[in-house]
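All remarks here apply to the structure that follows.
The values are calculated or read from the model by the stated rules, or taken from the named source; none is laboratory data. Because the structure is a prediction, the values reported are computed rather than measured. Positions of Cβ are generated from backbone atoms using ideal geometry, with glycine treated the same way; all protein chains shown enter the neighbour counts.
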């Protein structure tokens, strides 16, 4: 990450549409403010990094998750993906979203050193 203030939102769940939408909404706000934003996915949250996984998810509190995700992607947001969890949940190089990057323990630890972090 560069000199811009960075926000990292950790997503651990992929069963509640609002819980998926909230970190994306927050990340989009940070990006709109000229900040850097990343969603780091772990546990079941890695499903966000699978192509097409949000296509049918509708949040009762926000717009469709696919629209929020597309806005995030277009604004330059990245999805960090825990490699071990990706293996467990079937996320592979072939089905990884285009803004997805593999980020294991060392990479996310380094990325969070000078950033603001929140977990969902």
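A single entry from 48, 26 fulfils the requirement of being in contact (Cβ under 8 Å) with a residue 60 or more places away in the chain and assigned to a helix (DSSP H, G or I): 26. The residues of segment 29-45 that are surrounded by fewer than 24 Cβ atoms within 10 Å (Cβ to Cβ), on the phi < 0 side of the Ramachandran plot and not in a loop (DSSP other than H, G, I, E, B), listed by number, are 29, 30, 31, 32, 36, 44.
Consider residue 70 against the criteria (1) surrounded by fewer than 19 Cβ atoms within 10 Å (Cβ to Cβ); (2) touching a residue at least 24 places away in the same chain (Cβ under 8 Å); (3) in a helix (DSSP H, G or I): it satisfies all of them except one. Which criterion is unmet? With (1) surrounded by fewer than 19 Cβ atoms within 10 Å (Cβ to Cβ); (2) touching a residue at least 24 places away in the same chain (Cβ under 8 Å); (3) in a helix (DSSP H, G or I) applied to residue 70, the lone miss is (2). Residues of segment 76-103 that are part of a loop (DSSP other than H, G, I, E, B), under 12 Å from the mean Cα position of the chain (by Cα) and either crowded, with 19+ Cβ neighbours inside 10 Å or touching a residue at least 60 places away in the same chain (Cβ under 8 Å) (or both): 77, 82, 97, 103. Cβ-Cβ distances below 6 Å connect the following pairs, each with a first residue in segment 104-120 that is within 14 Å of residue 6 (Cβ to Cβ), a second residue that is modelled with pLDDT of 90 or more and surrounded by 11 or more Cβ atoms within 10 Å (Cβ to Cβ), and a separation of six or more residues or different chains: 108/40; 112/8; 115/6; 115/8; 116/7; 117/8; 118/9. Do you know which residues across segment 104-120 are surrounded by fewer than 16 Cβ atoms within 10 Å (Cβ to Cβ) and in contact with a helix residue (DSSP H, G or I) (Cβ under 8 Å, 6 or more places away or on another chain)? Listed by number, the residues that qualify are 104, 118.
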